[in-house]
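Q: Quick one: the structure is below, and I'll ask about it shortly.
The values are calculated or read from the model by the stated rules, or taken from the named source; none is laboratory data. From a predicted model like this one, the values you see are computed outputs, not experimental measurements. When we count neighbours, we look across all protein chains shown, and the Cβ atoms used for this are built from the backbone with ideal geometry, even at glycine. Note: accessible area is taken over every heavy atom of the protein model, side chains too, but ligands, DNA and RNA are not part of it. Shrake-Rupley method; radii C 1.70, N 1.55, O 1.52, S 1.80 Å.
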Amino acid sequence: MKIAVCGKGGSGKSTFTALLAKEFASRGIKVLVVDSDESNYGLHLQLGLPLPESLTDYMGGKGKVMEYLAGGPQNMPALFHGDFRISDIPTAYYSEKNGIRLMTPGKIQQANEACACAFAAILGQFLEVLHLEKDEIVIMDMEAGTEHFGRGTDNAADIIVMVVDPSMESLKLSGRVAEMSRSIDKNPALF
């Protein structure tokens, strides 16, 4: 199962993701947490793990992926082939502890480095070909807002979880997330 955790900034997405991952791991389920929030640097700390190298670096780096995207996302070549499994992720590109693996498509590292489109493209392809065994689960901590829907990252999710805080902005966003989730045949869950 692939779970996308979304919501507005500061609503508790990363905390929810970390707690959910720990709960699944305590039940003997192998968990892959995908830190797909390119501007948040705290999830790995909540999991007690070092931040691994980015999956985008594994694919040649952000510059190379941006070259692929220059012709439009639809023209980007397939970078993953066949069924890709969690066990196929090279060791430099994940960290692991207590049954939880953490990976990231990438993080914004410096000013003026350009958008995070490369990270989303890599993650979208990865999730589409990722084959899970019965005892495996993926939990994706998405960036704040709805851009991940626009990028198509949520298309490979089985469940979309919306973390809601007690604010009007969060409630309005939850309605929009519910509409977008249904538009890609996903049933949203609110927490």
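Q: At 0.36 nm per residue, and after removing the present C-alpha to C-alpha distance, how many nm does the segment from Arg85 to Glu67 gain when stretched out fully?
A: Taking Arg85 through Glu67 to full extension adds about 3.8 nm, to one decimal.
Q: Which three extents, in angstrom, do the Cα atoms of region 1-112 have along their principal axes, listed largest first?
A: Its Cα atoms span 43, 33, 23 Å along the three principal axes.
Q: Follow-up. 7 Å from Cα along Cα→Cβ at both Glu147 and Lys97: what's the point-to-point distance in nm?
A: Placing both labels 7 Å beyond Cα along the Cβ direction yields 2.9 nm.
Q: With a probe of 1.4 Å, find how much accessible area the chain has per residue, and write the answer as a whole number in Å².
A: So the chain comes to 47 Å² accessible per residue, rounded to a whole number.
Q: Run the 1.4 Å probe and let me know the accessible area of Glu128, rounded to the nearest 10 Å².
A: For Glu128, the solvent-accessible surface is approximately 120 Å².
Q: Ignoring any ligand, DNA or RNA, what whole percent of the accessible area of the chain comes from carbon and sulfur when the probe is 1.4 angstrom?
A: Solvent-exposed carbon and sulfur of the chain make up 52 percent of the total.
Q: At R0 = 22 Å, how high is the FRET efficiency between Glu53 and Arg27 if r is their beta carbon distance? Nearest 0.05 is fine.
A: 0.15
Q: Let's test the formula: R0 of 25 Å, r as the Cβ-Cβ distance of Asp185 and Leu19. What FRET efficiency results, to the nearest 0.05?
A: Once rounded, the FRET efficiency stands at 0.35.
Q: Where does each of 1-14, 167-180 land if you order them by average Cβ count within 10 Å, highest first?
A: Peptide ranking by packing, descending: 1-14, 167-180.
Q: Okay, next question. For every helix of n ≥ 4 consecutive DSSP H residues, a contribution of -39,500 (n - 2.57) applies; sum these over the chain, divide by its total residues, and give [θ] at 222 nm rounded to the nearest 500 deg cm²/dmol.
A: -9500 deg cm²/dmol
Q: Which of Lys64/Lys97; Lys134/Lys172; Lys13/Lys97; Lys22/Lys134 have a Cα-Cα distance over 28 Å?
A: Lys64/Lys97; Lys134/Lys172
Q: Also, quick follow-up: Using a Cα-Cα cut-off of under 12 Å, which aspartates and glutamates could be cross-linked to Lys107, ignoring same-chain neighbours fewer than 8 residues away?
A: Straight-line reach from Lys107, under 12 Å: Asp35, Asp37, Glu38, Glu53, Asp57, Glu143.
Q: Only helices at least 15 Å long along their axis, Cα-based, and averaging -1.0 or more on Kyte-Doolittle count here, so list those DSSP H runs from the chain.
A: Qualifying helices, which must be both long enough and hydrophobic enough, are 13-26, 117-129, 168-183.
Q: Counting only C-alpha contacts under 8 Å and six or more residues apart, can you give the relative contact order of the chain as a whole percent?
A: With pairs under 8 Å counted, the relative contact order is 38 percent.
Q: If you don't mind, there's one more thing I want to ask. Label region 75-179 by shape, choosing from rounded, prolate and oblate, from the square roots a ≥ b ≥ c of the eigenvalues of the Cα gyration tensor; if a/c is under 1.5 it is rounded, and otherwise prolate applies when a/b is larger than b/c, oblate when it is not.
A: It comes out prolate by the Cα gyration axes.
Q: So what does Asp158 come to for accessible area, using a 1.4 Å probe and Å² rounded to 10?
A: Rounded to the nearest 10, that gives 90 Å².
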